[in-house]
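Chemist: What follows is a structure written as structure tokens; I'll ask about it next.
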Amino acid sequence: SWAMAELATTYYGISLDKIRVIPNPVDIDLFNPIKINANKNQIGVCFVGRFSIEKGAQVIINIMPSIIKKYKNLYLSVLGQSGKSSSGVSLIEKLHNKMKELGVSDRLYYQSELPQYKLPNFYRSHDIFLFPTLFESFGNVIAEAQACGLPVVANAIGGVPEVIKDGQTGFLIKNNNQDEYVEKLDT
């Protein structure tokens, strides 16, 4: 991404004119917006990646349980290995416990891994892709979700703004502002 190219110039003194940016490809034969038979009464928000602090797990833990409580037809799916908090507690467990406190834990679906060929149907069975990462060089999962027809709500960090057209293909959140995430997910 251009964001990584700029980091290379800053940290390694490489002239920007000596850098060639080659965006990561997405296999559009595999990742495409073919709709699968989904429950039209349900709205699915999904996250794909390491469920860790650096990928924004704390934002999801802080905002999604109350949003899910607010919307009776909303559910959240998390796909990826769970990291741990500084106290050693699994982050997915923290999310589950918070949702349990609000009585909405039945609308959290967690899977630690999925074969690559099944990933397109995972995206297609959802309506919104949420990605509050704290650092991202490009964001392959963002491009995959978009290729499957999902709008993306993500932190405007690193190469993410190169993948999302704010207000058109999703929303870019400045400084991982949690109130802004809630507002854009409501939208």
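Chemist: Say whether the condition of being farther than 12 Å from Leu95 by Cα, out of contact with any Asp or Glu (no Cβ under 6 Å at 6 or more places or on another chain), open to solvent by less than 50 Å² (accessible area, probe 1.4 Å) and of a type in the set (Gly, Ala, Ser) is met by at least one residue in the range 58-80.
Modeler: Looking for residues that are farther than 12 Å from Leu95 by Cα, out of contact with any Asp or Glu (no Cβ under 6 Å at 6 or more places or on another chain), open to solvent by less than 50 Å² (accessible area, probe 1.4 Å) and of a type in the set (Gly, Ala, Ser), one finds at least one in the range 58-80, hence yes.
Chemist: Could you give me the residue pairs with C-beta distances under 8 Å whose first residue belongs to the range 172-187 and is open to solvent by less than 70 Å² (accessible area, probe 1.4 Å) and among the aromatic types (Phe, Trp, Tyr), whose second residue is in a helix (DSSP H, G or I) and modelled with pLDDT of 95 or more wherever it lies, and which are 6+ apart or on separate chains?
Modeler: Tyr181/Val59; Tyr181/Ile63
Chemist: All but one of (1) in a helix (DSSP H, G or I); (2) of a type outside the set (S, T, N, Q); (3) within 14 Å of the chain's Cα centre (by Cα) hold for Lys69; which doesn't?
Modeler: (3)
Chemist: Same structure again: Report every pair of residues separated by at least 6 positions or lying on different chains whose Cβ atoms are under 7 Å apart, first residue within the range 1-17 and touching a residue at least 24 places away in the same chain (Cβ under 8 Å), second part of a helix (DSSP H, G or I).
Modeler: So the pair list comes out as Ser1/Glu162; Trp2/Glu162; Ala3/Glu162.
Chemist: Testing Gln42 on (1) in contact with a strand residue (DSSP E or B) (Cβ under 7 Å, 6 or more places away or on another chain); (2) modelled with pLDDT of 95 or more, one condition comes back false. Which one is that?
Modeler: (2)
Chemist: Which residues, taken from the range 1-25, are open to solvent by less than 100 Å² (accessible area, probe 1.4 Å), assigned to a loop (DSSP other than H, G, I, E, B) and more than 30 Å from Lys84 (Cα to Cα)?
Modeler: Passing the criteria: Gly13, Ile14, Ser15, Ile19, Val21, Pro23.
Chemist: Does Asp106 satisfy the condition of being more than 13 Å from the chain's Cα centre (by Cα), open to solvent by 60 Å² or more (accessible area, probe 1.4 Å), more than 20 Å from Gln58 (Cβ to Cβ) and modelled with pLDDT of 95 or more?
Modeler: yes
The values are calculated or read from the model by the stated rules, or taken from the named source; none is laboratory data. Bear in mind that the values here come from a model prediction, so they are computed numbers and not experimental data. With ideal geometry, Cβ positions are generated from the backbone for all residues, glycine too; neighbour counts draw on all protein chains shown. Protein only, heavy atoms only, side chains kept; ligands, DNA and RNA dropped before computing areas. Shrake-Rupley method; radii C 1.70, N 1.55, O 1.52, S 1.80 Å.
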